[in-house]
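The values are calculated or read from the model by the stated rules, or taken from the named source; none is laboratory data. Note that the structure is a prediction, hence the values are computed from the model and not measured. No Cβ is skipped: glycine too gets one built from the backbone with ideal geometry, and neighbour counts run over all protein chains shown. These accessible areas exclude ligands, DNA and RNA; they are computed on the full protein's heavy atoms, side chains included. Shrake-Rupley method; radii C 1.70, N 1.55, O 1.52, S 1.80 Å.
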Amino acid sequence: MDIHELGDVTAEDVAKAHVADLEAQEKYGVNYLKYWVNENCGKVFCLVDAPNAEAAHSCHREAHGLVARKIIEIQPELADGFLGDVQTNPAGAALLPGGGADALLGVHDTIVRDALSALGGREVKHTGDGIMASFVSTAGAVRCAIQIQRELARHEKANPERPLKVRVGAAAGEPVEQHNDLFGSTVQLAARLCAHAQPEQILVANAVAELCIGKGLLFEDLGEVVLKGFGRPVRAHAVQWTGEALQTAG
């Protein structure tokens, strides 16, 4: 997804630029799927299937010269979760009333950061469409994920017209820390589990489930799943986070 800050912009202006993108996209191997316009703050969000950020930049540059301020990698389902899974017009546009994308991202960040603060998590970095965090306690990490999902469910109940659904992935191990960032197979596994999860699902590695034995948490063993970047299937578990499951767990 690319993000433009264009200032004084109209939906008609963006529609013309989008048509130009569609005419140029084949040359760069990209596919512009849909876009959102927030006329109030002059922001445009384009959802594009591209091999890399430079291909998307090059298409914009040739088509109309309006290069994005930022491009982030995001799952299409997450884009719809943040910006609204709405019908598009024939030009591919979905109009957002007053600050929809920014407001939802703010809700997401507040809920996640409140849960981290309450349960001993440390925010490592904001990835654009999510937050990477680390924990000393494995059970604390799982409880944090549960709190996030439950708070988001409350938000959806109160705001049914703008649901916000996220995926959570967690792994246990000793990542490499450098320049206040984390790297290594543990981080990669957590990221792949997150990508493999369904919206509203918490997927954890087998080590996480084993470290939480006796902690009053429930898991569904999903067996082995195939994850990109791992030569062998990985055993995964889904955390049961509904109120009924937590009461059963005690």
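Sort the following peptides by mean Cβ neighbour count (other Cβ atoms within 10 Å, averaged over residues), highest first: 24-36, 139-151.
The peptides rank, most packed first, as 139-151, 24-36.
Taking K and R as +1 and D and E as -1, what net charge do the other residues with C-beta under 13 Å from the C-beta of ALA170 add up to?
+2
Which listed residue (PRO175, VAL234, ALA205) has the Cα farthest towards the positive end of the charge dipole for the range 168-243, taking +1 on Lys and Arg C-beta and -1 on Asp and Glu C-beta about the Cα centre?
Toward the positive end, the furthest listed residue is VAL234.
Straight-line reach from LYS165: which lysines have a Cα under 27 Å away, not including same-chain ones fewer than 8 places off?
Hits, sequence-local ones excluded: LYS34, LYS43, LYS70, LYS125, LYS157, LYS215, LYS228.
In whole Hz, with x marking every Gly and Pro, tabulate ³J(HN,Hα) for the range 212-223 from phi via Karplus 6.51 cos²θ - 1.76 cosθ + 1.60, θ = phi - 60°.
9, 4, x, 9, x, 10, 10, 10, 9, 6, 8, x
What full-extension length gain, to one decimal in nm, is calculated for ALA55 and ARG122 as 0.36 nm per residue of separation minus the Cα-Cα distance?
Net length gain for the segment: 20.7 nm.
Sorted by mean Cβ packing within 10 Å, highest first, what order do the peptides 6-12, 119-125, 187-193 take?
Ranked by mean Cβ neighbours within 10 Å, highest first: 187-193, 119-125, 6-12.
Based on alpha-carbon centroids, what's the gap between the range 159-236 and the range 1-17 in Å, whole number please?
Spelled out, the Cα-based centre of one part sits 36 Å from the other.
How much of the accessible area of the range 105-250, probe 1.4 Å, is carbon plus sulfur, in whole percent?
Accessible surface attributable to carbon and sulfur in the range 105-250 totals 51 percent.
Need one number: nm distance between label points at GLU156 and VAL176, each 7 Å from Cα along Cα→Cβ, rounded to one decimal.
Computed distance between label sites GLU156 and VAL176 equals 3.8 nm.
State in Å² the accessible area per residue of the range 185-228; use a 1.4 Å probe, count heavy atoms of protein chains only, and round to the nearest integer.
The answer is 53 Å² per residue.
Skip the ligands, DNA and RNA, and give the accessible area per residue of the range 1-58 with a 1.4 Å probe, whole Å².
48
Quote to one decimal, in nm, the extra length available between VAL225 and SER137 on full extension: 0.36 nm per residue of separation minus the C-alpha distance between them.
The span from VAL225 to SER137 would gain 29.2 nm if fully extended.
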